[in-house]
Structure formats: structure tokens, C-alpha cells
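The values are calculated or read from the model by the stated rules, or taken from the named source; none is laboratory data. No experiment lies behind these values; they were computed from the predicted model shown. Cβ coordinates were reconstructed from backbone atoms using ideal geometry, including for glycine residues, and neighbour counts include every protein chain displayed.
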Ligand code: EPZ
């Protein structure tokens, strides 16, 4: 397993180009299953999760070609309605094929994704909503077995805001008979991006980005050629890096309005942030101020930025409280940050962080995608050489992160296992 070595203490400066959004690309690539022709996707990030998605779609019979940051998918001849355990266990977002397979093939057998490091992450709300659309759902031997001659529009309320749940049902309802209402729907930019692509395909989806989405089913969806929106979490990670290292980083090709909550909190922490079109310039403060944060569904503070922001607070000048309201076990990085000298106490879903003057380098272990990023960030400001192990987690969601950091002046190198 590869590891990444970080020599701390460098000030980061320069420009970084933000890649396409993993969490937009995954559902958008899967939506190709709804069409019987060749779809072209550009600005696709080159990530392990994208490769896993391409393998999964090929497993269903789609013809997939991937080159650099462009992917084409032709789902004209689907031959298999089963998503096997050995593919789904590698990437839980594989559950996104469930809705499209039922809509297109009238049946699906998809392995239950199981839990992951940050929480149990059930899919009960996906299944309940699909049943509301008329699908017959059974759970057998670790698989979801679903079938429906025809999906019928329904009025659906999500008890909890679920991003992939909203995306799964939006795709299923796009080809259903009649009108589907999704209430308490996720408002994330990635949901809006998927709705935009489905509408380009010929769907009739209104209200994406609000908590009530109306989908009027259509007979057929046609292939498209689209570009993936920028990754707001990658952007946020580099913004925190600038604030951490008293740096001066200009992010290119991002969507500033997707980052309102983080920009607000970074300004409170003392960062100087200038927004201009698709660029964001972040200058880190001499003294980092402590700021409280509570994660919430979009447009609240993103849970996917919680670990990264905690690193910033661990070297801030005071006490801050970070509350994680989305996932029940998303403080795994705290143990590793403590080993680097951070003063963090967990109480329920809240972490109390007392800023310390500096972190000290240590060998640490990545546990999930965003925790890996937080350990790299911690290494940037730690005294000495930090060794981040199990960086395969990082490769799932960040395109060439160490190269981008190196270009900004960081001493970050990957050691191949
Ligand atoms: C998406 O996961 C993202 N992944 C996650 O990003 C992100 O952290 C999460 O949304 C929250 O923003 C992708 O988009 C591929 P949820 P998702 O369904 O859809 C509970 C990353 O690092 N829930 O919005 O799986 C669930 O347990 C990843 O890029 C149910 O109880 O998350 C959680 O507590 C990590 N039943 C809450 O809802 C369900 O049926 C929100 O989960 C579905 C969800």
C-alpha cells in the first residue's frame, strides 16, 4: 500500500486547478443506463471511484471508453441487471444503479453496500421510495432484489435528507408513469448537476436545488454530451491548506457559490478570501481564530469538510466545537490528530478542540477519504516528517493530490509500496 510523506512547515502559494466533482460524476455516469446511445462526459476526475463505476457499468453491458478526463458510455445493449457484491463492496455509491436498472430493465439485483468506516449508512430510504414508485423489493442473501413492470409516480417524503437517495429516485422517476414529488430532497450541487443532465436527456425535472423536486415521467431519454461540475470538496481542501500555512493560493475552475458556508467560516477564522468568477483566492492569517462548526446538509457546512476544518482548528488560537450531525462515526481522524499533538476531546457528536501552537509529525493511518486529506493537511503544518499510510483512501476522491500540493510548494511525496 502506498504512503505519502509530508515535510511540514512550508508556506503554500500559487495556483491550483480544481478537478471535476467525484460526487457529481458518479450519479451522472450511472444515468447513462437510462439511455440507449453513446453519452460523452468531460472534466471527469481521474479517480479510483470513477474507474470502479466504469467497471460496474461494463458489468451491466454498457460499452465504456475512458481517456484522460473524458469518458464515453453507450448503454444501448444492457445485458445484466445484477450488481455483484465484489463490485459494490468497493464503492457503496454503486447502489445508484438500482433506480436506473429498474426503470430501464424492469428488474435489478444489487448487493447491499454494507456499512463503512464513517457509519452504518443504510439504504432503507432508497428502498422505501422505490417501493412507493411501485417496485417490488425483497432483501435476500445480502442483495436487493427489485422488479417493476412499470414505475408509477408517487408523492415521496424522505425522513432524512439523503444525497444518493434523492439521486437514485430522481433517475427512477424520470421514466415512470406520471408525476413524482420528492419532499425533503437533498439540495446539494451534485443533485442539481444530475437533474440538469437528466433534463438535457429529455427528462422533466423541476425544483432541483430546493427541498421539493417534481419529476414528470417521460417515455424515453436520449444520450448527451456534458461536462462535470467542479469538485467543491477538493476546492475546500485546498482553501483550508492556504489558511493553515499562512499561504496564498488561487483556485481556478471552481464554483464559489457552492462554497458559501466554508468561505464564511474561513473568513471568521481570519482568512482573506477574494472571489472572482470561477476563481477563489485564499490568503491565510498570521493568527488563526477558533470557530465553531456544525455540519448540515447543503447549503449548510459540508460533512465532507469536517475533518479538514478540524485540522485548522487544532492549531487555532482558542477553543472551538465541531459537531458532526450527518454521520455517526466521522471522528476517526481525531485519534490520529491527537497522536500529532492535537488537543481534541469528543463528547457525543461534538469534538472540542483546544488550539495548540504546533502539531508534531508522526506516522499516521488514513481511515476514509476525507480523513486521509485531513492527515495530509496536518502534515503540512506539523514539525518534522509525517507519514500517511493507506492512501488508497485518498486516491478514491482526490486526483493527483500530492502533485497539486507539490506545485504549491509543499514537500509531499508518494512512496509506492
Ligand atoms: C453522499 O453520501 C456523498 N457520497 C458523501 O460523500 C457525503 O458525505 C454524503 O452524501 C452527505 O453529504 C456521494 O455522493 C457518492 P446520505 P450518501 O444518503 O448519499 C442516512 C465523500 O467523502 N441515510 O446523504 O451515502 C445516512 O446514514 C462521501 O465523498 C439513511 O439513514 O449520504 C447518513 O446518516 C462520504 N438511510 C445520512 O442519511 C438511507 O437510506 C446522510 O446520508 C440513506 C441515508
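Where residues in the range 302-321 are touching a helix residue (DSSP H, G or I) at 6+ places or on another chain (Cβ under 7 Å) and over 15 Å from residue 243 (Cβ atoms), which of them is farthest from the ligand (Cβ to nearest atom)?
302
Mind checking whether some residue in the range 114-132 is within 27 Å of the chain's Cα centre (by Cα), more than 14 Å from the ligand (Cβ to nearest atom) and not in a loop (DSSP other than H, G, I, E, B)?
no
Report the residue count in the range 199-233 for those that are away from the ligand (no atom under 16 Å from the Cβ) and touching a strand residue (DSSP E or B) at 6+ places or on another chain (Cβ under 9 Å).
23
Yes/no matrix, rows are residues, columns are (1) farther than 20 Å from residue 191 by Cβ; (2) in contact with a helix residue (DSSP H, G or I) (Cβ under 8 Å, 6 or more places away or on another chain); (3) part of a helix (DSSP H, G or I):
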site: 31; (1), (2), (3): no, yes, yes
site: 45; (1), (2), (3): no, yes, no
site: 65; (1), (2), (3): yes, no, no
site: 77; (1), (2), (3): yes, no, no
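Against the definition (surrounded by fewer than 21 Cβ atoms within 10 Å (Cβ to Cβ), under 30 Å from residue 72 (Cβ atoms), touching a residue at least 24 places away in the same chain (Cβ under 8 Å) and in the same structural domain as residue 314 (by TED's automatic domain parsing)), how does residue 252 come out, yes or no?
Judged against the criteria, residue 252 is a match.
Among the candidates 182, 175, which residue alone is over 25 Å from the mean Cα position of the chain (by Cα), at pLDDT 95 or above and either surrounded by 21 or more Cβ atoms within 10 Å (Cβ to Cβ) or over 21 Å from residue 44 (Cβ atoms) (or both)?
Of the residues listed, the single one that is over 25 Å from the mean Cα position of the chain (by Cα), at pLDDT 95 or above and either surrounded by 21 or more Cβ atoms within 10 Å (Cβ to Cβ) or over 21 Å from residue 44 (Cβ atoms) (or both) is 175.
Looking at the range 126-147, can you tell me whether even one residue there is more than 23 Å from residue 53 (Cβ to Cβ) and surrounded by 24 or more Cβ atoms within 10 Å (Cβ to Cβ)?
Yes; the residues of the range 126-147 include at least one that is more than 23 Å from residue 53 (Cβ to Cβ) and surrounded by 24 or more Cβ atoms within 10 Å (Cβ to Cβ).
Could you list, ordered by first residue, the pairs with Cβ atoms under 7 Å in which the first is in the range 83-98 and assigned by TED's automatic domain parsing to the domain that holds residue 148 and farther than 14 Å from residue 49 by Cβ and the second is within 13 Å of the ligand (Cβ to nearest atom) and not in a helix (DSSP H, G or I), at least 6 apart or interchain?
Between residues of the range 83-98 that are assigned by TED's automatic domain parsing to the domain that holds residue 148 and farther than 14 Å from residue 49 by Cβ and residues that are within 13 Å of the ligand (Cβ to nearest atom) and not in a helix (DSSP H, G or I), the close pairs are 98/144.
Can you tell which of 397, 409 is surrounded by 15 or more Cβ atoms within 10 Å (Cβ to Cβ), on the phi > 0 side of the Ramachandran plot, in a loop (DSSP other than H, G, I, E, B) and not assigned by TED's automatic domain parsing to the domain that holds residue 163?
Just one listed residue meets the conditions, 409.
Any idea how many residues of the range 323-337 are surrounded by 16 or more Cβ atoms within 10 Å (Cβ to Cβ) and more than 15 Å from the ligand (Cβ to nearest atom)?
Of the residues in that region, 3 qualify.
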